Amino acid sequence: MGLARVRPTVAAVAVATALVLTGCVVPAPIAPSSGGLTANQQSAYNLVNSTRAQYGRAALPVDWEARNKAQGWAQHLAAIGHLAHSNLADGISPGWSALAENVGFGGSIPLAHATITSSGQHLGSIIDPRWTGVGTGVAWAGTRVYVVQVFVQR
């Protein structure tokens, strides 16, 4: 996928990917421990917890290591102009028992989130009940926004 300028609706047909180690978007209330996020990170974080609420799952608090990892990777994706996965354990201190990562892009944060949730596997990563925290990262490259979600079980 090149970086040619495309209409946001076409760019919304993005690829979302998840990697799990171990075996209509509705705005949600801000979940506990979200202070200190940028407005874009907060938007992505709210969308994750909104999706979880739609499936009867509890809101996840921000995991700050996961947030730092997600933001760094979103910036990397914006710089290289395509989706790729990180080495999932990089940047996460020992003591976790499971990790997952979703990456996607679109013409807006909600469109990127919608592409992620349109895949059953990636939606499954979001609504998995074992997670104890999440970090979100957001980076723009022109009219394309890259969104990274990192889930952790500690």
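The values are calculated or read from the model by the stated rules, or taken from the named source; none is laboratory data. Owing to the predicted nature of the structure, the values given are computational and were not obtained by experimental measurement. Heads up, the Cβs are rebuilt from the backbone with ideal geometry, glycines too, and the neighbour counts pull from every protein chain shown. Remember, those area values only see protein heavy atoms, side chains included, never the ligands or the DNA or RNA. Shrake-Rupley method; radii C 1.70, N 1.55, O 1.52, S 1.80 Å.
Just a few scattered comments:
- Residues of the stretch 132-151 that turn out to be over 15 Å from Leu37 (Cβ atoms) and open to solvent by less than 10 Å² (accessible area, probe 1.4 Å), as a count: 3
- Residues satisfying the stated conditions in the stretch 52-70, i.e. assigned to a helix (DSSP H, G or I) and either open to solvent by 10 Å² or more (accessible area, probe 1.4 Å) or charged (D, E, K, R) (or both): Arg52, Ala53, Gln54, Trp64, Glu65, Arg67, Asn68, Lys69
- Taken over the stretch 106-154, the criterion of being within 15 Å of Leu60 (Cα to Cα) and of a type in the set (Lys, Arg) is satisfied by Arg130, Arg154.
- Matching residues, the stretch 109-130, being open to solvent by 40 Å² or more (accessible area, probe 1.4 Å) and polar (S, T, N, Q): Ser118, Gln121
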